[in-house]
Amino acid sequence: MSAPELEVAIVSHGAEALLRRCLRSLRDNPASVPTRVTVVDSGSPDPTPEMVAREFPEVRLLRRGNIGFSAANNLVLREVETGAVLLLNPDTEVRAGALDAALARLRSEPRIGMVGIKLVTESGELDHACKRSFPTPLSALAHFTGIGRGESAGGTLGQYRATHLGDDEPGEVDAVNGAFMLCRAESVREVGLLDKGYWLYMEDLDWCHRFRDAGWKVFYEPAGVALHVKGGSSGARRRPKQEIAFHRGMARFYRRFDAPEHNPLLNATVYTGIGAKLAISLAITAVKR
């Protein structure tokens with residue numbers, strides 16, 4: 001095969017059936033450029049790696065322990081020298097033309113460093129996380145309480161969902177979803193790898209922030225579409241370890257990009273709020289289990 005112009009990295013921890021569907025979608029709807037797909041198996045407790053080796057011999061398989069989402073993706077990211085690299089979740093299925101639409105947008109401007117596409121749920125609704133603005137304490141509070149998720153929520157309350165851009169309108173955004181992140185190799189070399197300090201969750205927002213800080217555009221391209229089974233790769237309900245990782249990620253993101261040096265009261269309020277939300281989430285998880 002020719003040297004790949006597109007590298008696709010899929011990190012999987014279990015989710016055998018979903019990964020099979022994801023790989024089939026890549027096989028059935030390939031990009032028009034030479035492509036290499038790598039599955040990094042991050043300590044799957046089921047026969048996921050055996051399935052990949054048996055049913056998808058064209059896919060490169062790397063077996064590792066449960067090293068975390070960022071560290072597993074970085075195994076592929078650090079190899080990419082030319083072309084583009086796509087971080088793809090195993091709970092996605094790319095539709096016909098999706099990869100080429102994303103690649104075309106990436107190539108349309110030299111300073112576009114990352115492209116996300118339109119993600120839809122199994123019910124056909126938009127996964128609003130596919131185009132986002134960076135969270136502020138107010139917009140995060142509105143989002144998690146549900147106030148900022150309503151159709152009528154706009155301005156600062158609905159800011160997290162990038163309501164300034166229509167669902168079918170291409171345009172620049174703060175962030176796209178880590179389920180589909182197509183990146184220019186040059187931008188990855190300049191910005192650096194994913195931050196391993198995030199074991200799971202929030203690493204995509206962090207990376208998008210660093211892209212924009214380095215002067216690279218992050219773009220939403222709805223001409224490409226993929227199905228996203230929300231929570232498919234991590235479970236419909238987060239386990240306690242995942243809940244802790246999610247909330248630690250929130251605190252890490254706030255500390256790195258938003259925490260004012262001279263407003264300790266605001267910082268204490270935000271960290272207390274994150275801690276309270278974690279306690280509530282753990283209590284709900286315990287009850288449901």
Place the peptides 5-14, 167-176 in order of packing, highest mean first, counting for every residue the other Cβ atoms within 10 Å and averaging per peptide. 5-14, 167-176
On C-alpha positions alone, give me the angle between the axis of helix 240-257 and the longest principal axis of the chain, in degrees, nearest 10. 80
Kirkwood Rh and Cα Rg combined as Rg/Rh, region 168-267: 1.00
Helix 98-108 versus the longest principal axis of the chain: what is the Cα-based angle in degrees, 0 to 90, to the nearest 10? 80
Along region 202-217, what does the Karplus equation 6.51 cos²θ - 1.76 cosθ + 1.60 (θ = phi - 60°) give for ³J(HN,Hα), rounded to whole Hz, x for Gly and Pro? 6, 5, 5, 5, 4, 5, 4, 4, 5, 4, 5, 4, 8, x, 9, 7
Normalise the Debye intensity by I(0) for the chain, one equal point scatterer per Cα, no solvent, then take log10 at q = 0.07, 0.10, 0.16 Å⁻¹ and round to two decimals. -0.25, -0.52, -1.40
If one compares the long axis through the Cα atoms of helix 16-28 with the longest principal axis of the Cα atoms of the chain, the angle in degrees, nearest 10, works out at 60
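Where a number appears in this text, it was derived from the coordinates with a stated rule and is not lab data. Owing to the predicted nature of the structure, the values given are computational and were not obtained by experimental measurement. Using ideal geometry, Cβ is built from the backbone for each residue, glycine included, and neighbour counts are taken over all protein chains shown.
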